[in-house]
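Only the coordinates and a few stated rules stand behind these numbers; no lab work does. This structure is a prediction, so every number in the text was calculated from the model and none was measured. Cβ sites come from the backbone with ideal geometry, for glycine too, and all protein chains shown count toward neighbours.
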Amino acid sequence: MNEIITTKKMKELDECIERNKMKKGPLMPTLQDAQRIFGCVPKEVQEHIGKKLNESYAKIKGVVSFYTMFSTKPKGKHIVGVCTGTACYVKGAQKLVDKVCEVLKIPYGETTKDGLFTIAPTRCVGNCGEAPVVMIDEDQYGRVTIDQIEEILNKYK
Ligand code: FES
């Protein structure tokens, strides 16, 4: 057990599994419950669900990786996305990605220890005229320069 998978959360999951077992396709609702309860669906939880629902781990792993609503690692409170679509890339998105990683002290795709930020891979967000674009949750920032990154992130602390 770790801080993500606690006995209390496992008990809640088991209750959901029992309820979902009465449904026709119990796997999807159970994975949705797990994502809600744990904030992600780690390997141990996938294996547990597999045993309870008589499904193979391979199948569950496939479903979890296919649907973007599921993640295997917990996501932060704020999702930081530096658009790396072509227009943004040409306008220096990679330098912005490097700066975000440097300021948050985490690699691309990871979550800060305090659970505040996750750097998420982001493709064209449809605002190429404002490239390079940075997204924080639903907020969009256009024509972002390296010097602005820290200031933008500070707004969400
Ligand atoms: S490529 Fe970044 S908004 Fe389109």
Quick count over the range 115-157, residues being of a type in the set (A, V, I, L, M), assigned to a loop (DSSP other than H, G, I, E, B) and under 30 Å from residue 3 (Cα atoms), is 2
Look at residue 22 and say whether it is assigned to a loop (DSSP other than H, G, I, E, B), free of Cβ contacts under 8 Å to residues at least 24 places away in the same chain and not β-branched (Val, Ile, Thr). yes
List the pairs whose first member sits in the range 131-151 and is aromatic (Phe, Trp, Tyr), whose second member is surrounded by 13 or more Cβ atoms within 10 Å (Cβ to Cβ), and whose Cβ atoms are under 6 Å apart, counting only residues at least 6 apart or on separate chains? 141/134; 141/152
If you take the residues of the range 128-157 that are more than 15 Å from residue 79 (Cβ to Cβ) and crowded, with 16+ Cβ neighbours inside 10 Å, which of them is farthest from the ligand (Cβ to nearest atom)? 149
Out of (1) part of a helix (DSSP H, G or I); (2) crowded, with 20+ Cβ neighbours inside 10 Å, what's the single condition that is false for residue 36? (2)
Is it the case that residue 37 is out of contact with any strand residue (DSSP E or B) (no Cβ under 6 Å at 6 or more places or on another chain) and more than 30 Å from residue 136 (Cβ to Cβ)? no
Are any residues in the range 98-126 within 14 Å of the ligand (Cβ to nearest atom) and in contact with a Cys (Cβ under 8 Å, 6 or more places away or on another chain), and if so, which ones? 122, 123, 124, 125
Within the range 69-98, which residues are among the aromatic types (Phe, Trp, Tyr) and either part of a loop (DSSP other than H, G, I, E, B) or exposed (fewer than 15 other Cβ atoms within 10 Å of the Cβ) (or both)? 70
